[in-house]
1. Is the C-alpha gyration tensor of segment 4-79 telling us rounded, prolate or oblate? Criteria: a/c under 1.5 is rounded; beyond that, a/b larger than b/c is prolate, otherwise oblate.
2. Tell me, Kirkwood radius of segment 79-151 from alpha-carbon pair distances, in Å?
3. Restricting everything to alpha-carbon atoms, can you work out Rg to Rh for segment 108-148 with a Kirkwood hydrodynamic radius?
4. As a test of the formula, what do you get for the chain when each DSSP H run with n ≥ 4 contributes -39,500 (n - 2.57) and the sum is divided by the residue count, at 222 nm and rounded to the nearest 500 deg cm²/dmol?
5. Just to check I understand the Karplus step: with θ = phi - 60° and J = 6.51 cos²θ - 1.76 cosθ + 1.60, what whole-Hz values come out for segment 120-129, glycine and proline as x?
6. What list of whole percents do you get for P(r) of segment 2-134, with Cα-Cα distances grouped in 5 Å bins up to the one holding the largest distance?
7. With the convex hull built on the Cα atoms of segment 27-67, state its orientation-averaged projected area in nm².
8. Work out Dmax and Rg for segment 69-110 from the C-alpha atoms and quote the Rg first, both in angstrom.
Amino acid sequence: MAIEFIIMGIALYCSKLGTERKENITYKEALAIGAAQGIAIIPAISRSGMTIAIALLLGIKREKAFKFSFLLSVPAVIGALGLTFYEQREALTLAGVGFAEILVGVAVTIVVSFLALKLLWRILAGRKLYLFAFYCWIIGIVLVALSLGGF
């Protein structure tokens, strides 16, 4: 994961190099952003970070990049949620987790996600997304050091 954190940091840092000039997203750009979302199945690669970074590198305006990244996440999140429920249905039943508990969990997740998106938009609008690169690089370097130290 150390290398993946470092790669994610590079993508985030490079996002500040894009020049915002495009209001619309072409099919080719949508395909590139979708491929970036696919890459995010790799641990330590942020789905929203990667899709927004690629969109910014392609010259798409921040607001469009943010909205497209969010819209792109909806099918992925719903699909992952459905698959998880399906795969874990027996474990949920054995643990005594019912529909009400799941509903409360989903509601809390929606509220926290909304707050996280508001924070992400503030960071993105303030042109500070690239600062997360330093966080990724520090985590990556610490993981490399721990790995070399035998942990």
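Read-outs: derived from the displayed coordinates by stated rules, not from any lab. Please read these numbers as outputs of a predicted model, since none were measured by experiment.
1. Cα axes put segment 4-79 in the oblate bin.
2. 16.0
3. 1.20
4. Using -39500 (n - 2.57) per qualifying helix, the result is -26000 deg cm²/dmol.
5. Listing the rounded values in order: 4, 4, 4, 5, 5, 5, x, 6, 10, 4 Hz.
6. 2, 10, 17, 20, 17, 13, 9, 6, 4, 2, 0
7. If you wrap the Cα atoms of segment 27-67 in a convex hull and average its projections, you get 2.5 nm².
8. 11.8, 36
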